[in-house]
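This report refers to the structure that appears directly beneath it.
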Amino acid sequence: ATPTALMVGTGRGAQLGILIKGPEVLETTREVDTIVLDKTGTVTSGVMALTDIVTADGVDADRTLRLAGALEHAAEHPIAKAIARAAEERTGPLPTPTEFTAVPGVGVRGVVDGHTVTVGRADTPLPAELRDAKERAEAAGRTAVVVTDGGRPSAVLVVADTVKPTSAEAVRRLRELGLTPVLLTGDNQRAARAVAAEVGIAADQVIAEVMPEDKVEVIRRLQRTGRSVAMVGDGVNDAAALAQSDLGLAMGTGTDAAIEAGDLTLVRGDLRVAADAIRLARRTLGTIR
Ligand code: ADP
Ligand code: MG
């Protein structure tokens with residue numbers, strides 16, 4: 001393509017809400033055949049709300065929510081924001097933890113009011129009532145996190161995210177352009193499949209329960225099969241994978257880390273614009289199929 005065509009393409013991209021790091025990015029854009037979509041914040045709104053609290057026998061719901069909320073108040077994750085917000089609404093201003101650690105892709109732990117508390121993925125066996133609640137929530141596409149207090153599971157907190165209204169159309173358009181969409185997430189397998197089904201991604205194209213540092217390995221694995229891989233993401237935990245992918249697309253509504261790592265930014269955070277970007281690149285470079 002001529003430099004002029006690339007300039008025109010870049011300008012047209014800006015009108016569509018696509019920021020392109022450099023004209024040469026369009027060359028890669030037209031080559032991609034696989035598009036990996038981060039789930040939370042990319043396919044879904046990423047704004048979560050607490051929908052349920054299920055406690056173990058003899059545990060007070062508000063008290064547990066308060067301990068969990070106090071810890072999550074110090075964390076960044078959308079799950080953390082949902083829990084902290086609900087705790088504050090239901091129980092008033094939250095205490096400050098005396099110890100706090102966030103473990104990306106796992107959860108938070110610390111000390112609140114003298115209680116040693118964790119909130120996140122459970123690696124301990126759960127009593128039946130909590131295990132059942134967790135399985136039911138996940139089957140419905142929700143995320144269930146476990147609260148432990150003094151090492152004992154005390155509650156399951158269920159948070160729900162919503163699929164963006166534009167995601168199903170975006171997936172359809174990406175498919176029409178000949179791309180294979182893949183859903184990638186740290187969230188559990190059942191919740192990931194429920195979201196995939198809602199937007200039209202095949203169950204065998206769901207890669208779930210992936211730790212943040214392993215997302216980049218998923219991209220490499222796909223590349224080793226000879227695919228040219230685009231990735232769309234929004235989070236700090238997507239940055240390395242965005243950088244590794246042949247074409248990184250960052251949601252403009254996402255974190256600075258993702259935007260810096262990407263080759264393209266979808267300014268409005270609308271996944272349909274990912275399809276626009278690929279069409280634009282193919283058209284600009286005269287290879288519209
Ligand atoms: P995603 O890839 O969907 O953005 P993450 O890799 O950030 O998800 O997190 C994966 C899982 O780790 C979450 O579904 C949740 O179970 C747990 N988790 C991570 N951070 C937190 C937190 N602050 N509070 C509770 N659970 C968390
Ligand atoms: Mg995300």
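Of all residues in the stretch 139-153, at least one satisfies being of a type in the set (Val, Ile, Thr) and in contact with a Ser or Thr (Cβ under 7 Å, 6 or more places away or on another chain).
Looking at the stretch 110-128 only, could you name the residues that are out of contact with any strand residue (DSSP E or B) (no Cβ under 7 Å at 6 or more places or on another chain) and modelled with pLDDT of 95 or more? Talk me through it step by step, then tell me what you get.
Step one: list which residues in the stretch 110-128 are out of contact with any strand residue (DSSP E or B) (no Cβ under 7 Å at 6 or more places or on another chain), which gives 112-114, 116, 123, 125, 128.
Residues satisfying the conditions are Val112, Asp113, Gly114, Thr116, Ala128.
Here the strands (runs of 3 or more DSSP E) wholly within the stretch 1-98 that include at least 2 residues being farther than 21 Å from Ala257 by Cα are 49-55. Considering (1) surrounded by fewer than 16 Cβ atoms within 10 Å (Cβ to Cβ); (2) at pLDDT 90 or above; (3) within 14 Å of ligand 1 (Cβ to nearest atom), the lone condition that Glu76 does not fulfil carries the number (2).
Looking at Leu16, Leu26, can you tell me which residue is buried (at least 24 other Cβ atoms within 10 Å of the Cβ), more than 22 Å from Gly235 (Cα to Cα), in the same structural domain as Met211 (by TED's automatic domain parsing) and away from ligand 1 (no atom under 16 Å from the Cβ)? Before you say what the answer is, go through the steps one by one.
Numbers: Leu16 fails: buried (at least 24 other Cβ atoms within 10 Å of the Cβ).
So the residue among Leu16, Leu26 that is buried (at least 24 other Cβ atoms within 10 Å of the Cβ), more than 22 Å from Gly235 (Cα to Cα), in the same structural domain as Met211 (by TED's automatic domain parsing) and away from ligand 1 (no atom under 16 Å from the Cβ) is Leu26.
Anything in the stretch 238-258 that is closer than 22 Å to Val32 by Cα, buried (at least 24 other Cβ atoms within 10 Å of the Cβ) and touching a residue at least 60 places away in the same chain (Cβ under 8 Å)? List them, or say none. Give the derivation first.
Step one: of the stretch 238-258, the residues closer than 22 Å to Val32 by Cα are 238-252, 258.
In the following step, the residues that additionally are buried (at least 24 other Cβ atoms within 10 Å of the Cβ) were identified as 238-239, 241-242, 245, 247-251, 258.
Passing the criteria: Asp238, Ala241, Ser245, Leu247, Met251.
Restricting attention to the stretch 29-45 and to residues that are hydroxyl-bearing (Ser, Thr, Tyr) and within 16 Å of ligand 2 (Cβ to nearest atom), the residue that is surrounded by the fewest Cβ atoms within 10 Å (Cβ to Cβ) turns out to be Ser45.
Is the stretch 89-96 home to any residue that is more than 10 Å from ligand 1 (Cβ to nearest atom), surrounded by 19 or more Cβ atoms within 10 Å (Cβ to Cβ) and over 19 Å from Lys134 (Cα atoms)? Checking the stretch 89-96: at least one residue is more than 10 Å from ligand 1 (Cβ to nearest atom), surrounded by 19 or more Cβ atoms within 10 Å (Cβ to Cβ) and over 19 Å from Lys134 (Cα atoms).
Can you say whether Val103 is within 9 Å of ligand 1 (Cβ to nearest atom), of a type outside the set (Asp, Glu), exposed (fewer than 15 other Cβ atoms within 10 Å of the Cβ) and assigned by TED's automatic domain parsing to the domain that holds Arg152, as far as the supplied structure shows?
On the way: within 9 Å of ligand 1 (Cβ to nearest atom): yes; of a type outside the set (Asp, Glu): yes; exposed (fewer than 15 other Cβ atoms within 10 Å of the Cβ): yes; assigned by TED's automatic domain parsing to the domain that holds Arg152: yes.
Answer is yes for this residue.
The values are calculated or read from the model by the stated rules, or taken from the named source; none is laboratory data. These numbers come from a predicted model, not from an experiment. FYI the Cβ positions are ideal-geometry reconstructions off the backbone, even for glycines, and counts take in every protein chain you see.
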